[in-house]
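Engineer: Structure provided below as structure tokens; questions to follow.
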Amino acid sequence: MLTKRIIACLDVDAGRVVKGVQFTGLRDAGDPAELALAHGRAGADEVVLLDISATYENRSTLLDVVRRTARQLFIPFTVGGGIRSLDDAAAVFDAGADKVAVNSAALADPALIGRIAHRYGSQAVIVAIDALRVGNGKGMSFGVKATGGRHATGRDAVAWAREAEQSGAGEILLTSIDRDGMRDGFDCELTSAVAGAVNIPVIASGGAGAAEHFIEVFRQGRADAALAASIFHLGITPIGELKRDLQAAEIPMRWPC
Amino acid sequence: MIAIVDYKAGNLASVKKAFDYLGHESAITADPAAISRADKIVLPGVGNFEATAALSGPLQETVVRMIDRQVPLLGICLGMQWMFDSSREAPQLRGLGLFVGECEKFPATVKSPHVGWNQLQVAGTSRLLRGLPPDSFVYFTHSYRAPVVDATVGKCEYGGSFSAVVERGDLFGVQFHPEKSGAAGLHLLRNFCEL
């Protein structure tokens, strides 16, 4: 049976892993390559490295981190953050990434998704969507924000996910800005709305705090994979323990691995 | 030396990195002369079956000649599908026809592509899978699949059974990505290196 995936995410700034709460308030948490390998050994099904600064000066630092990580990591490895063109994507693939996550640049130019997919295959292109609840009650919807959650786009998350799929995305990485870093559970309504609208895998992100949150997002949220950062690298929830709990709840898991 | 055939179908570097890690010399090459000198050949690749059009001509002739000389050949993902007769993904093209059958899409009852870790059901004796724990998990990412045939030694279940591993003599094919399948995948690649 196809398992649900547990993905460890490393938010990287200037070559170091950091983690914020609701996209701000960063703190240092270690070396990305070392942490990626440790997560792989602990049972992570994939590793995602998100370059959250993505300034020009930090680009070569990032590529070096990608190279060091990829040399020893033999599970799927995604790199995102600051990928604005096919050339940016190519540099990251050349350094050893298996997939790239595109976000703001795809919002500005949806054809970028197709350009990368044409050269590297759809399986190599993840469209990352940062979504935020807008309005209340019956009028509530999920808006899309760009540039690390800083700018509203006027787009609807469900519609954008569908467009991304049609443009050639192989997966959707869906982050709830409302839940990011809060550790009080994923936004299952958001995840379910997007998962029901597309036929490609949806990775839920934002809000992981305990095993029950993962069970909820796989059941109610219909997620194919769930991503977490701080609970893994701060050692709050060891991945192995989480996978055992999920397996006990009859969520199909790659465990032991 | 293991020749990793470069036909511009996705990122081949991860396959090479796995061989580097295992301590076996390999080279990514599109040069028929270099491939002719190899003692093993890997046909990697992801994406559309149309990409295999780049193999026709000298590359295909070289690969076929090497197969005749019983040089072990491992097709990965799209590379494995090319070892079958054809694929509905690009019906105008022919595969190598080393394994009988046509690759087809997953049924509409399941999400496609099939992305993630799924269990390998060992279905026969295999040199490639020797020593691999039964029901090992391996990483898949594909929209088309090869049917279960006589040469199938590993099956997988997703909207029905399909070939995850085929093997006959010195011909091997895997639908999943051993270079991305953790310890299980490295085990399989080591078996191939040590043939």
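The values are calculated or read from the model by the stated rules, or taken from the named source; none is laboratory data. Please read these numbers as outputs of a predicted model, since none were measured by experiment. FYI the Cβ positions are ideal-geometry reconstructions off the backbone, even for glycines, and counts take in every protein chain you see.
Engineer: Could you please find all residues in the stretch A:182-197 being surrounded by fewer than 20 Cβ atoms within 10 Å (Cβ to Cβ) and under 20 Å from A:Asp11 (Cβ atoms)?
Structural biologist: Our first condition is that a residue be surrounded by fewer than 20 Cβ atoms within 10 Å (Cβ to Cβ); within the stretch A:182-197, this holds for A:182-185, A:189, A:192, A:196-197.
Result: A:Met182, A:Arg183, A:Asp184, A:Gly185.
Engineer: Scan the helices (runs of 4 or more DSSP H) fully inside the stretch A:52-114 and keep the ones with 1 or more residues being charged (D, E, K, R) and away from chain B (no Cβ under 14 Å). Please lay out each step first, then the result.
Structural biologist: Values: elements: A:58-70, A:86-95, A:104-108.
Correct list: A:58-70, A:86-95.
Engineer: Could you tell me whether B:Ala123 is more than 21 Å from A:Ile172 (Cβ to Cβ) and within 15 Å of the chain's Cα centre (by Cα)?
Structural biologist: Numbers: more than 21 Å from A:Ile172 (Cβ to Cβ): yes; within 15 Å of the chain's Cα centre (by Cα): no.
So B:Ala123 does not fit the description; no.
Engineer: Under 9 Å between Cβ atoms, at least 6 apart or on separate chains: pull out the pairs that start in the stretch B:106-121 with a residue that is under 12 Å from A:Arg254 (Cβ atoms) and end on any residue that is surrounded by 22 or more Cβ atoms within 10 Å (Cβ to Cβ) and modelled with pLDDT under 90.
Structural biologist: What qualifies is B:Trp117/A:Cys257.
Engineer: Okay, next question. Among the numbered criteria (1) over 19 Å from A:His39 (Cβ atoms); (2) more than 14 Å from the chain's Cα centre (by Cα); (3) of a type outside the set (A, V, I, L, M), which one does A:Thr237 miss?
Structural biologist: Against the list (1) over 19 Å from A:His39 (Cβ atoms); (2) more than 14 Å from the chain's Cα centre (by Cα); (3) of a type outside the set (A, V, I, L, M), A:Thr237 comes up short only on (1).
Engineer: Which number in (1) without any contact (Cβ under 8 Å) to a residue 60 or more places away in the chain; (2) on the phi > 0 side of the Ramachandran plot; (3) not β-branched (Val, Ile, Thr) marks the one condition that B:Ser87 misses?
Structural biologist: Single failed check for B:Ser87: (2).
Engineer: Let me ask something additional. Filter the stretch B:17-38 down to residues that are among the acidic types (Asp, Glu) and under 13 Å from B:Val5 (Cα atoms), then give me how many there are. Break it down into steps so the answer makes sense when it comes.
Structural biologist: To start, the set of residues in the stretch B:17-38 that are among the acidic types (Asp, Glu) comprises B:20, B:25, B:31.
Remaining after also requiring under 13 Å from B:Val5 (Cα atoms): B:31.
Residues in the stretch B:17-38 being among the acidic types (Asp, Glu) and under 13 Å from B:Val5 (Cα atoms): 1 in total.
Engineer: Out of all the residues in the stretch B:144-183, which are over 12 Å from the mean Cα position of the chain (by Cα), outside any strand (DSSP E or B) and at the interface with chain A (Cβ under 8 Å from one of its Cβ atoms)?
Structural biologist: Of everything in the stretch B:144-183, those that are over 12 Å from the mean Cα position of the chain (by Cα), outside any strand (DSSP E or B) and at the interface with chain A (Cβ under 8 Å from one of its Cβ atoms) turn out to be B:Tyr158, B:Lys180, B:Ser181, B:Gly182, B:Ala183.
Engineer: Name the one entry in A:Gly168, A:Gly149 that is on the phi > 0 side of the Ramachandran plot, within 14 Å of chain B (Cβ to nearest Cβ) and either in contact with a helix residue (DSSP H, G or I) (Cβ under 7 Å, 6 or more places away or on another chain) or in contact (Cβ under 8 Å) with a residue 40 or more places away in the chain (or both).
Structural biologist: A:Gly168
Engineer: Quickly run through the stretch A:130-173 and pick out the residues that are part of a helix (DSSP H, G or I) and not charged (D, E, K, R). Working first, answer last.
Structural biologist: Taking the stretch A:130-173 and keeping what is part of a helix (DSSP H, G or I), we get A:137-139, A:157-167.
Correct list: A:Gly137, A:Gly139, A:Ala157, A:Val158, A:Ala159, A:Trp160, A:Ala161, A:Ala164, A:Gln166, A:Ser167.
Engineer: Residue check: is B:Gly95 more than 12 Å from chain A (Cβ to nearest Cβ) and more than 27 Å from B:Gly182 (Cα to Cα)? Reasoning before the result, please.
Structural biologist: Numbers: more than 12 Å from chain A (Cβ to nearest Cβ): yes; more than 27 Å from B:Gly182 (Cα to Cα): yes.
Criteria met by B:Gly95.
Engineer: Within the group A:Val194, A:Val158, A:Val198, which residue is in contact (Cβ under 8 Å) with a residue 12 or more places away in the chain, farther than 13 Å from A:Ala128 by Cα and over 14 Å from the mean Cα position of the chain (by Cα)? Walk me through it before giving the result.
Structural biologist: On the way: A:Val194 fails: farther than 13 Å from A:Ala128 by Cα; A:Val158 fails: farther than 13 Å from A:Ala128 by Cα.
Answer to the check: A:Val198.
Engineer: How many residues are of a type in the set (Val, Ile, Thr), more than 14 Å from B:Val174 (Cβ to Cβ) and at the interface with chain A (Cβ under 8 Å from one of its Cβ atoms) if we restrict to the stretch B:108-143? Please lay out each step first, then the result.
Structural biologist: Our first condition is that a residue be of a type in the set (Val, Ile, Thr); within the stretch B:108-143, this holds for B:109-110, B:115, B:122, B:125, B:138, B:141.
Adding the requirement that they be more than 14 Å from B:Val174 (Cβ to Cβ) leaves B:109-110, B:115, B:125.
Those left that are additionally at the interface with chain A (Cβ under 8 Å from one of its Cβ atoms): B:115.
The total comes to 1.
Engineer: Go through the stretch A:212-240 and report how many residues are modelled with pLDDT under 95 and either farther than 20 Å from A:Thr78 by Cβ or of a type outside the set (Val, Ile, Thr) (or both). So that I can check it myself, show each step before the final result.
Structural biologist: Initial filter on the stretch A:212-240 (modelled with pLDDT under 95): A:228-240.
With the extra rule that they be either farther than 20 Å from A:Thr78 by Cβ or of a type outside the set (Val, Ile, Thr) (or both), the set shrinks to A:228-230, A:232-238, A:240.
Count: 11.
Engineer: Determine whether B:Val15 is β-branched (Val, Ile, Thr), under 14 Å from the mean Cα position of the chain (by Cα) and either away from chain A (no Cβ under 12 Å) or surrounded by 21 or more Cβ atoms within 10 Å (Cβ to Cβ) (or both).
Structural biologist: On the way: β-branched (Val, Ile, Thr): yes; under 14 Å from the mean Cα position of the chain (by Cα): yes; either away from chain A (no Cβ under 12 Å) or surrounded by 21 or more Cβ atoms within 10 Å (Cβ to Cβ) (or both): yes.
Against the criterion (β-branched (Val, Ile, Thr), under 14 Å from the mean Cα position of the chain (by Cα) and either away from chain A (no Cβ under 12 Å) or surrounded by 21 or more Cβ atoms within 10 Å (Cβ to Cβ) (or both)), B:Val15 qualifies.
Engineer: Take B:Ala34 and tell me if it is under 22 Å from B:Ala146 (Cβ atoms), more than 12 Å from chain A (Cβ to nearest Cβ) and surrounded by fewer than 21 Cβ atoms within 10 Å (Cβ to Cβ).
Structural biologist: Considered against the rule, which asks whether it is under 22 Å from B:Ala146 (Cβ atoms), more than 12 Å from chain A (Cβ to nearest Cβ) and surrounded by fewer than 21 Cβ atoms within 10 Å (Cβ to Cβ), B:Ala34 comes out as no.
Engineer: What pairs can you find where one residue is in the stretch B:141-168 and more than 23 Å from B:Asn191 (Cα to Cα), the other is at pLDDT below 95 and of a type in the set (Asp, Glu), and their Cβ atoms are less than 7 Å apart, with a gap of 6+ or different chains?
Structural biologist: B:Tyr144/B:Glu89
Engineer: Here's another thing I want to ask about it. Would you be able to say whether some residue in the stretch B:92-101 is crowded, with 24+ Cβ neighbours inside 10 Å and out of contact with any helix residue (DSSP H, G or I) (no Cβ under 8 Å at 6 or more places or on another chain)?
Structural biologist: For the stretch B:92-101, residues crowded, with 24+ Cβ neighbours inside 10 Å and out of contact with any helix residue (DSSP H, G or I) (no Cβ under 8 Å at 6 or more places or on another chain): present.
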